[in-house]
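**Q** Just passing along the structure, written as C-alpha cells.
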Amino acid sequence: LRGLRRATVVVVLLYTITPILWVVAISLRDPVRTMTIPPELLVRPTFHHYRDLFAGIWGNFAAYYVNTVIVCGLAVLLSLAVGMPAAFGLSRAMVRQRWANVFLGTMTVIYAIPPISLTIPFYDIFSSLGLFDTRTALVLAYQSRVLPFTVWMMKTFFDEIPRELDDAGMVDGLSRVQVALHVVLPLSLPGIFATAVFCLILVW
C-alpha cells in the first residue's frame, strides 16, 4: 500500500511539473526547432534567448524586474501595515457593529470597482501631487485592490482566534495593543503569510 501511494505521488508530481519542464526546454531551444512536429525531445541547448533578454534587445529587463519586486514588496507591506489593525478592530468589535458593516461593505464596493475605471482619477491625483511616473504612485494605486482584500482576509483569521485569549491577556495586565502584538499576532502568523502571498499575486 505504501508503494502504491508513493507511485501515485510520483505520477501526480510528474504530471504537475511537466508543463514547467516543457517551458524551460522550449526556452533552451533554437527558434527553428521550437515548433517542429513531432516535437524533438533531444536538442542541443542554446542560451541566446537569455542573453537577448538580459543584454540584448531586452537589456532593461533586469531593471524592470527589480522595479516590480520593489513595488510589489512595498505594496504588500503597506497593505498589511494598514489592513491588519483595521481587521483586528473590526474583528474585536472596537466600533459599533453597524459601522463595522458599513466599513466592510465599503471595502467590498471598492474592491469590485474595475481597475481600468480608476486610471484617469489616479492620473490626475498623482500628477497634481508630483508623483506621476514614480514607484510611490504605483504602490498607492495598488492599495485600491489589495487593501480591501487584506482587511477581509485578516478579519477572517482574527475571528478564528478565541476572544477568551484577549480577556486572559488583559486580566494579566496587558493593554489592548499588547494583546494584539503578543497574543493575537503570533497566533495569526499563518494567516498573515497566506494573505501576503495572495496580495503579492494580486499586485504582480
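The values are calculated or read from the model by the stated rules, or taken from the named source; none is laboratory data. Just so we're clear, the structure is a prediction, and the values are computed from it rather than from any experiment. All Cβ positions, even for glycine, are placed from backbone atoms using ideal geometry, and neighbour counts span all protein chains on display. Accessible surface areas use protein heavy atoms only, side chains included; no ligands, DNA or RNA. Shrake-Rupley method; radii C 1.70, N 1.55, O 1.52, S 1.80 Å.
**Q** Within the stretch 32-42, is even one residue assigned to a helix (DSSP H, G or I), over 17 Å from the mean Cα position of the chain (by Cα), modelled with pLDDT under 80 and of a type in the set (Ser, Thr, Tyr)? Lay out the reasoning, then the answer.
**A** Start the filter on the stretch 32-42 by keeping residues that are assigned to a helix (DSSP H, G or I), which leaves 32-34.
The next check asks that each one be over 17 Å from the mean Cα position of the chain (by Cα); those that pass are 32-34.
Now narrow it down to the ones that are modelled with pLDDT under 80: 32-34.
Those left that are additionally of a type in the set (Ser, Thr, Tyr): 34.
Yes: one or more hits.
Residue-by-condition table, conditions (1) among the hydrophobic types (A, V, I, L, M, F, W, C); (2) closer than 24 Å to Pro186 by Cα; (3) in contact with a Gly (Cβ under 6 Å, 6 or more places away or on another chain):
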residue: Phe88; (1), (2), (3): yes, yes, no
residue: Thr106; (1), (2), (3): no, no, no
residue: Ile116; (1), (2), (3): yes, no, no
residue: Arg145; (1), (2), (3): no, no, no
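**Q** Right, next: Any residue that is under 30 Å from Tyr64 (Cβ atoms), over 24 Å from the mean Cα position of the chain (by Cα) and outside any helix (DSSP H, G or I) - is there at least one of those in the stretch 166-182?
**A** Let us first name the residues in the stretch 166-182 that are under 30 Å from Tyr64 (Cβ atoms), namely none.
The answer is no; no qualifying residue exists.
**Q** Among residues belonging to the stretch 122-149 that are assigned to a helix (DSSP H, G or I) and farther than 26 Å from Pro85 by Cβ, point out the one that is most open to solvent (accessible area, probe 1.4 Å).
**A** Here the residue is Tyr123.
**Q** Then there's this: With respect to Asn67, determine if the residue is assigned to a helix (DSSP H, G or I), of a type outside the set (Gly, Ala, Ser), in contact (Cβ under 8 Å) with a residue 24 or more places away in the chain and surrounded by fewer than 15 Cβ atoms within 10 Å (Cβ to Cβ).
**A** Working: assigned to a helix (DSSP H, G or I): yes; of a type outside the set (Gly, Ala, Ser): yes; in contact (Cβ under 8 Å) with a residue 24 or more places away in the chain: yes; surrounded by fewer than 15 Cβ atoms within 10 Å (Cβ to Cβ): yes.
So Asn67 fits the description; yes.
**Q** Residues of the stretch 162-184 being open to solvent by less than 80 Å² (accessible area, probe 1.4 Å) and in contact (Cβ under 8 Å) with a residue 40 or more places away in the chain, which ones?
**A** Asp166, Ala180, Val184, listed by residue number.
**Q** How many residues does the stretch 48-89 hold that are of a type in the set (Phe, Trp, Tyr) and within 30 Å of Phe103 (Cα to Cα)? Working first, answer last.
**A** The initial filter retains those residues of the stretch 48-89 that are of a type in the set (Phe, Trp, Tyr), namely 50, 54, 58, 61, 64-65, 88.
Next, only the ones that are within 30 Å of Phe103 (Cα to Cα) stay: 88.
Qualifying residue count, the stretch 48-89: 1.
**Q** Now a separate question. What number goes with the only condition from (1) out of contact with any Pro (no Cβ under 9 Å at 6 or more places or on another chain); (2) crowded, with 17+ Cβ neighbours inside 10 Å that Phe157 does not pass?
**A** (1)
**Q** Sticking with this structure for a sec: For the stretch 95-118, which residues satisfy the criterion of being surrounded by 11 or more Cβ atoms within 10 Å (Cβ to Cβ) and in a helix (DSSP H, G or I)? Even if it seems obvious, please write down each step before you answer.
**A** Narrowing the stretch 95-118 to residues surrounded by 11 or more Cβ atoms within 10 Å (Cβ to Cβ): 95, 100-104, 106-108, 110-111, 113, 115, 118.
Hits for the stretch 95-118 are Ala100, Asn101, Val102, Phe103, Leu104, Thr106, Met107, Thr108, Ile110, Tyr111, Pro115, Leu118.
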